[in-house]
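The values are calculated or read from the model by the stated rules, or taken from the named source; none is laboratory data. In this text the structure is predicted, and so the values were computed from the model without any measurement. Cβ sites come from the backbone with ideal geometry, for glycine too, and all protein chains shown count toward neighbours. For the accessible areas, the whole protein counts, side chains as well, though only heavy atoms, and no ligand, DNA or RNA atoms are used. Shrake-Rupley method; radii C 1.70, N 1.55, O 1.52, S 1.80 Å.
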Amino acid sequence: MTEVKEQVALITIFGGTGDLANRKLYPSLYHLFTKGFLKENFAVIGTARRPWTNDFFREKVVESLKGIEEEGFDPQDFASHFYYQSHDVTNRESYVQLKDLSDELDKKYELQGNRLFYLAMAPNFFGTIASRLKSEGFVDNDGFSRLIIEKPFGRDLASAQELNESLRQAFAENEIYRIDHYLGKEMIQNISVIRFANSIIESLWNNRYIDNVQVTLSETLGVEDRGRYYEESGALRDMVQNHILQIVSLLAMEPPIKLTTQEIRHEKVRALRSLRVIEGEDVYKYFVRGQYGPGTVDGEQLEGYRQAENVDPDSNTETFVAAKLMIDNFRWSGVPFYIRTGKRLAKKATQIAIQFKSVPMNLFGGQQSLAGNVLVIHIQPDEGITLHMNVKEPGQGMLTMPINLNYAHSSPDGMNTPEAYEKLIQDCLNGDATYFSHWDEVSLSWNFVDKVANVWSNTKEHFPNYTSGTMGPKEADKLVAQDGFEWFE
Ligand code: NAD
């Protein structure tokens, strides 16, 4: 059981009327309240431009908790800690009122000057907000000052650097928590335990026993109403630069000497530094891009990406990426890490498949081939592990049959796993940055991705090249087939 340590802080949410705040942040804070991490000594300020009153804001917060209310934890009581401040982040004057309210709540709730600023807004405002927080004295308090920011963290290395410099005017690196909600997922955090708490796994975790590793983050939804954002981003920037490279670094890193934030980050950075740089013509050998066209899914006719709102009818933006990554170090030399992610694919799943090498010869031979051993880590929607093995088929003779050993994470004690946001907000309040991205990781990832993006932006692809409801373009299958493998489904 996690020790329940009460957190004392003022949490200021910029973008308090937005989608993220409503769908994720308020429910997560309520869960922390029901679990005793937040009790009496906390307050939340929601800020946005709309002229809401405290009462109206509290009603909205209560509404966001529909269906998750817990007995004994009145949503009204929880919402009484919430305050609304109408505030245009570009207007200097409104920071004065916000500062007065912050100081008042600090006294009222005895918050010891602890402040968490959550920027749930478009990133082009981050620099302005950070410099105002500094110039208006928000961070000169006795307690901690921490900043949580959302992706996208830049759209290339240069813009990420610029953004980082603007944040660093007000916050030190160890005060900046760059959220990557995949890192808050239960089974992503489980990777370290699976690897470092099981000798049978860790001793096989290298190029002598592993054939290839596959990381799949597939979505069934299309771009929906986010066309404007997605046109600027595409799957490479939206998914590979952050979530996928973070997962790859957790899978590939060396065992840290201790499970501290600093040691784990150090090993992740080393793994990212070992990534083989792919540039120029090689991009076409190691990377495949795709864009979905129209298709029929579950009997419903769906439009293609180019027909979506705010999307260029001739768009060159990729909605799918598959790649073969190589990690050039002693442990992983020669082992491909295949990654793929995309929209409008045949199924929604996030999973990691570790494919082990075959046994030296098949003693049970004849016509029958042995299935390979695969360790699958299911991240979402299912959470758990499956180990694919071979056993004897019952009865006479020595025929083999494949079986699966399954562990479904949520079943043993019926416990629902906490939302990623809940865990990450709690970690931030606790000062634990292990599952947030360090600037060194962000900059290395951009450096890797930029080289691919540059090649792609200079050549026009024959899009669309996959049908909605399939698993992406045929070239993605060829990418693994040319090495003698296939995607693990
Ligand atoms: P949203 O458009 O729903 O909300 C934006 C908020 O910012 C609103 O409260 C709006 O009133 C406020 N705002 C805009 N301009 C302002 C100004 N000048 N002054 C004060 N307030 C202003 O956006 P969202 O979906 O909540 O996303 C917020 C951030 O989180 C974005 O960076 C987004 O990329 C990121 N994000 C969102 C999700 C999600 O699930 N919604 C997931 C991952 C990342």
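Any residue in segment 474-489 that's over 9 Å from V288 (Cβ atoms): show its pairings with residues that are open to solvent by 50 Å² or more (accessible area, probe 1.4 Å) at Cβ separation under 7 Å, as long as the two are six or more apart or on different chains.
Note: pairs meeting the criteria are V480/E486; W487/D477.
Each row is one residue, and each column tells you yes or no for (1) surrounded by fewer than 23 Cβ atoms within 10 Å (Cβ to Cβ); (2) touching a Ser or Thr at 6+ places or on another chain (Cβ under 7 Å).
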| position | (1), (2) |
| --- | --- |
| L217 | no, yes |
| L221 | yes, no |
| D225 | yes, no |
| Y229 | yes, no |
| Q241 | no, yes |
| I244 | no, yes |
| I247 | no, no |
| A252 | no, no |
| Q262 | yes, no |
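Check R237, R331 and return the single one that is basic (K, R), part of a helix (DSSP H, G or I), touching a residue at least 24 places away in the same chain (Cβ under 8 Å) and surrounded by 15 or more Cβ atoms within 10 Å (Cβ to Cβ).
After ruling out the rest, the residue left standing is R237.
Mind checking which residues of segment 304-319 are open to solvent by 60 Å² or more (accessible area, probe 1.4 Å) and in contact (Cβ under 8 Å) with a residue 40 or more places away in the chain?
Of everything in segment 304-319, those that are open to solvent by 60 Å² or more (accessible area, probe 1.4 Å) and in contact (Cβ under 8 Å) with a residue 40 or more places away in the chain turn out to be E309, N310, D312.
If you scan segment 278-299, which residues turn out to be open to solvent by 70 Å² or more (accessible area, probe 1.4 Å) and of a type in the set (S, T, N, Q)?
Once the filter is applied, which keeps residues that are open to solvent by 70 Å² or more (accessible area, probe 1.4 Å) and of a type in the set (S, T, N, Q), segment 278-299 yields only T296.
Could you count how many residues in segment 385-413 are within 26 Å of K348 (Cβ to Cβ), open to solvent by less than 60 Å² (accessible area, probe 1.4 Å) and at pLDDT below 95?
Residues meeting the conditions: 3.
Here are some conditions: (1) within 12 Å of the ligand (Cβ to nearest atom); (2) without any contact (Cβ under 8 Å) to a residue 40 or more places away in the chain. L119 meets all but one. Which one does it not meet?
Among (1) within 12 Å of the ligand (Cβ to nearest atom); (2) without any contact (Cβ under 8 Å) to a residue 40 or more places away in the chain, the lone unmet condition for L119 is (2).
Output the residues belonging to segment 167-185 that are of a type outside the set (K, R) and within 21 Å of Q241 (Cα to Cα).
Those that are of a type outside the set (K, R) and within 21 Å of Q241 (Cα to Cα): L167, E173, I176, Y177, I179, D180, H181, Y182, L183, G184.
Being open to solvent by 50 Å² or more (accessible area, probe 1.4 Å) and either farther than 19 Å from L424 by Cα or in contact with a His (Cβ under 6 Å, 6 or more places away or on another chain) (or both) is the filter here, so list the residues in segment 18-51 that pass it.
Those that are open to solvent by 50 Å² or more (accessible area, probe 1.4 Å) and either farther than 19 Å from L424 by Cα or in contact with a His (Cβ under 6 Å, 6 or more places away or on another chain) (or both): E40, R49, R50, P51.
May I ask you to verify whether S159 is within 29 Å of the chain's Cα centre (by Cα) and among the small types (G, A, S)?
Yes; evaluated as a whole, the condition is true for this residue.
Where the second residue is surrounded by fewer than 19 Cβ atoms within 10 Å (Cβ to Cβ) and outside any strand (DSSP E or B) and the first is free of Cβ contacts under 8 Å to residues at least 24 places away in the same chain and of a type outside the set (V, I, T) and lies in segment 45-59, which pairs have Cβ atoms under 9 Å and are six or more apart or on separate chains?
none
What's the total number of residues in segment 163-184 that are more than 16 Å from the ligand (Cβ to nearest atom) and either open to solvent by 20 Å² or more (accessible area, probe 1.4 Å) or in contact with an Asp or Glu (Cβ under 8 Å, 6 or more places away or on another chain) (or both)?
Number satisfying all stated conditions: 7.
Does G137 meet the test of being away from the ligand (no atom under 16 Å from the Cβ), outside the structural domain of A349 (by TED's automatic domain parsing) and open to solvent by less than 50 Å² (accessible area, probe 1.4 Å)?
Judged against the criteria, G137 is a match.
Quickly run through segment 140-159 and pick out the residues that are away from the ligand (no atom under 14 Å from the Cβ) and either in contact with a His (Cβ under 8 Å, 6 or more places away or on another chain) or open to solvent by less than 20 Å² (accessible area, probe 1.4 Å) (or both).
S145
When the residues of segment 70-96 are filtered to those that are open to solvent by 60 Å² or more (accessible area, probe 1.4 Å) and closer than 21 Å to G18 by Cα, which remaining residue is nearest to the chain's Cα centre (by Cα)?
Within segment 70-96, the match that is nearest to the chain's Cα centre (by Cα) is T90.
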